[in-house]
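*Asks:* Provided herewith is a single structure, encoded as structure tokens, for subsequent inquiry.
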Amino acid sequence: MVKPDEPMRRRRLCSIVLVVIVASLVVTSVAVVAYNGRATIRDVQTLNPAGATGTVFVVFRPGVTSWNEDIVNAFVRGLVDSDWRVNITTTSSQTPTNVTGYDLIVLGSPTNGGQPHVAMLGYLERVDFQGKPVALILTSGGNGIPSIYVFGNATVAANGVVHGTYRYQLWATGALDAAYTAGTEITL
């Protein structure tokens, strides 16, 4: 036999559980937005300083997860193994915009809201690539096709020549190996 208070208790319990779930989602969303909007400033690091193939400037935006950085690092390992000198840093207000000494620019960005990260787009508004070749690396949870068009158009607007586009879906099988291989196959 169901007590008269039992349906009321169940409704209260369901209401409490629902409030906890909604509050958790709101807190998680706020934390992700705050983390994703924060600047990540790193000094320019030089890899393979004696590289004879040419000099590459790599600028990337770390994502909420390590996926974008892992993909960019795999691509960079391919460049280094192909004897490129690589200077690498993250997008921020302090990212160098003078690209005179570089043979190739590589940009890496996660997708946010159907476009490259806002920090990457901000960098593209500040830089003039002076007609240099630019390789674009985009990581996404989906196919990323709309984002790669935005990325390419912003690169062209910054006077860059899109040399190649590379899209990697979140944790896709073999993506790190594919990024490494792409880095080994870059030629000018």
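*Asks:* Checking Q115 against (1) more than 17 Å from Y149 (Cβ to Cβ); (2) surrounded by 12 or more Cβ atoms within 10 Å (Cβ to Cβ): exactly one of these is not met. Which one?
*Replies:* If we test Q115 against (1) more than 17 Å from Y149 (Cβ to Cβ); (2) surrounded by 12 or more Cβ atoms within 10 Å (Cβ to Cβ), just (1) comes out false.
*Asks:* Of the residues in segment 72-90, how many are assigned to a helix (DSSP H, G or I) and closer than 16 Å to M120 by Cα? Let's see the steps before the verdict.
*Replies:* So the first thing to find is which residues in segment 72-90 are assigned to a helix (DSSP H, G or I), and the list is 72-81.
Those still in the list that are closer than 16 Å to M120 by Cα too: 72.
Final tally of qualifying residues: 1.
*Asks:* Determine if segment 18-36 includes at least one residue that is surrounded by 10 or more Cβ atoms within 10 Å (Cβ to Cβ), at pLDDT 70 or above and under 23 Å from the mean Cα position of the chain (by Cα). Even if it seems obvious, please write down each step before you answer.
*Replies:* Taking segment 18-36 as the starting set, the residues that turn out to be surrounded by 10 or more Cβ atoms within 10 Å (Cβ to Cβ) are 18-33, 35-36.
Add one more test, that the residue is at pLDDT 70 or above, and what stays is 18-22.
Narrowing the set further to residues that are under 23 Å from the mean Cα position of the chain (by Cα) leaves none.
No, segment 18-36 has no match at all.
*Asks:* Could you check S93 against (1) among the polar types (S, T, N, Q); (2) at pLDDT below 95; (3) outside any loop (DSSP other than H, G, I, E, B) and say which number it fails?
*Replies:* (3)
*Asks:* Looking only at segment 124-139, how many residues end up being surrounded by fewer than 24 Cβ atoms within 10 Å (Cβ to Cβ) and farther than 22 Å from L188 by Cβ?
*Replies:* Here the count works out to 2.
*Asks:* Go through segment 87-112 and give me each residue that's touching a residue at least 24 places away in the same chain (Cβ under 8 Å) and more than 27 Å from Y149 (Cβ to Cβ).
*Replies:* We begin by selecting, within segment 87-112, every residue touching a residue at least 24 places away in the same chain (Cβ under 8 Å); these are 87-97, 99-112.
Listed by number, the residues that qualify are N87, Q94, T100, G101.
*Asks:* Scan segment 178-187 and tell me whether some residue there is surrounded by 17 or more Cβ atoms within 10 Å (Cβ to Cβ), closer than 21 Å to R42 by Cβ and modelled with pLDDT of 95 or more.
*Replies:* Looking through segment 178-187, at least one residue is surrounded by 17 or more Cβ atoms within 10 Å (Cβ to Cβ), closer than 21 Å to R42 by Cβ and modelled with pLDDT of 95 or more.
Rundown of residues vs (1) at pLDDT below 95; (2) within 19 Å of I71 (Cβ to Cβ); (3) under 14 Å from the mean Cα position of the chain (by Cα), yes/no style:
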position: V99; (1), (2), (3): no, no, no
position: V127; (1), (2), (3): no, no, no
position: V134; (1), (2), (3): no, yes, no
position: S140; (1), (2), (3): yes, yes, yes
position: S147; (1), (2), (3): yes, yes, yes
position: V161; (1), (2), (3): no, no, no
position: Q169; (1), (2), (3): yes, yes, yes
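*Asks:* Among the residues of segment 101-119, write down those that are at pLDDT below 95 and of a type in the set (A, V, I, L, M, F, W, C).
*Replies:* Those that are at pLDDT below 95 and of a type in the set (A, V, I, L, M, F, W, C): V118, A119.
*Asks:* Another question about this same structure. Among the listed residues V156, V162, which satisfies the condition of being of a type in the set (A, V, I, L, M) and out of contact with any helix residue (DSSP H, G or I) (no Cβ under 8 Å at 6 or more places or on another chain)? Don't jump to the end; show me each part of the working.
*Replies:* Values: V162 fails: out of contact with any helix residue (DSSP H, G or I) (no Cβ under 8 Å at 6 or more places or on another chain).
After applying the criteria, what remains is V156.
The values are calculated or read from the model by the stated rules, or taken from the named source; none is laboratory data. These numbers come from a predicted model, not from an experiment. Please note: Cβ atoms are built from the backbone with ideal geometry, for glycine as well, and neighbour counts cover all protein chains shown.
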